[in-house]
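Only one structure is covered here, and it is reproduced in the block below.
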Amino acid sequence: MARRARGRENAVGSAAITALQSVLAAENAAVYGYGLAGAQLSGGQFSAAQQDWTVHRMACAALSAMITERGAAPGAAAVAYRPPFPVTGAGAAVSLAAMLEDGVIRAYLGLVALDDQALRAFGAVRMQAAAIRAASWRGSTTAFPGLPASAL
Amino acid sequence: MLPVAAIAACGAPDLLAPPPGPSPSVRTLRASITAEQSLVDAYQRILAAYPALAAMLHPFLSQHDEHLAQLKGRLVIPPHVKVTPLPSPSAPASPPASARAAITMLGDAERAAAAAQLGRLAAATPSLAQLLASIAASEATHAMALSSLNPAALNPAAG
């Protein structure tokens, strides 16, 4: 009985770790991507990219700590991430920033499906912040940030 | 033929008990539907009072219609469960005194709705929690976008 309870606890813990590692991977990709985007931006857009880059870097640190606390090793950032299209101008940089935020929203949505209520709430709050950044880069809002069409 | 103990373990329904109420997840879903409907109503009241805002507000209203459709689509109440009907929307308040005030009011309502969705996550199934979190994120973006709208710039008569 006790063994079964512990088994369940481990399963819950490992689902949380897997979901947190996915968020960390998305945040690491965002840090790298905002570096690429920022290089193509100027003025207010450059400042916004710089600000968002900082937010994602801080999120990486926080997530790494959360994963370590749970007894796992945080996944390392890749040396480089290939953007989905060449980032050779301000327009592409803005599209990339919005796409990076979409990836981050999807990753936090994974936390919202966990049984751990604190992680659910954390994921939902972070989703809002990322959705606001995505909408401001894109200049428009969407009905279901992060949800794949197949879930609707 | 099942042993008697196995049949007993299946839990025969207690014939004297009152019909079960809706599950926490159904109650959560119904609360979300009511909240979403009242946001749609607020938009419609404001659009009736300030038709010049239609182009600005329509994207948000149509996204709320999508939220409402998704939420209602998930509401399946088993026939043996007794539920009270969804509350009818509260009596319409008089519209705000200016288009700017109306936009501010909608922004506040969006923010409050997003916060309330977060309060419902704990009682939701994982899949409903994801839908509610996504709707809350959409509402948070509406609040942000509404705060940057300038009705006076679009149409001086509307400000």
Original post:
Distance in nm between label sites at B:GLU66 and A:GLN50, each 7 Å beyond Cα in the beta-carbon direction?
Top reply: 3.5 nm
Subject >> Charge context of B:VAL40, other residues only, Cβ under 13 angstrom, K/R +1, D/E -1 >> reply: -4
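Assuming 0.36 nm per residue, please report the length gained on full extension of the stretch B:ALA48 to B:ALA112 beyond their Cα-Cα distance.
Details: separation 64, 0.36 × 64 = 23.04 nm, distance 2.24 nm.
So the extension gain works out to 20.8 nm.
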**OP:** Ignore the peptide's own chain and count Cβ atoms of other chains within 10 Å of each Cβ in A:94-104; give me the average, rounded.
**Re:** 0
Subject >> Rg(Cα) / (2.2 N^0.38 Å) computed for chain A, rounded to two decimals >> reply: 1.13
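Give me the percent of Cα-Cα pairs in region A:29-109 that sit more than 15 Å apart, rounded to a whole number.
Details: 1896 of 3240 pairs.
Tail of P(r) above 15 Å: 59 percent of Cα pairs.
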Subject >> For residues of A:145-151, the mean tally of beta carbons on other chains within 10 Å >> reply: 4
Original post:
Looking only at other chains, what is the average number of their beta-carbon atoms within 10 angstrom of each beta-carbon in A:134-141?
Top reply: 4
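Values quoted throughout were computed directly from the atomic coordinates according to the rules given, and no laboratory measurement underlies them. Note that the coordinates shown come from a computational prediction; the quantities given were computed from them, not determined experimentally. Don't worry about glycine lacking a Cβ; one is built from the backbone with ideal geometry, like all the others, and counts go over all protein chains shown.
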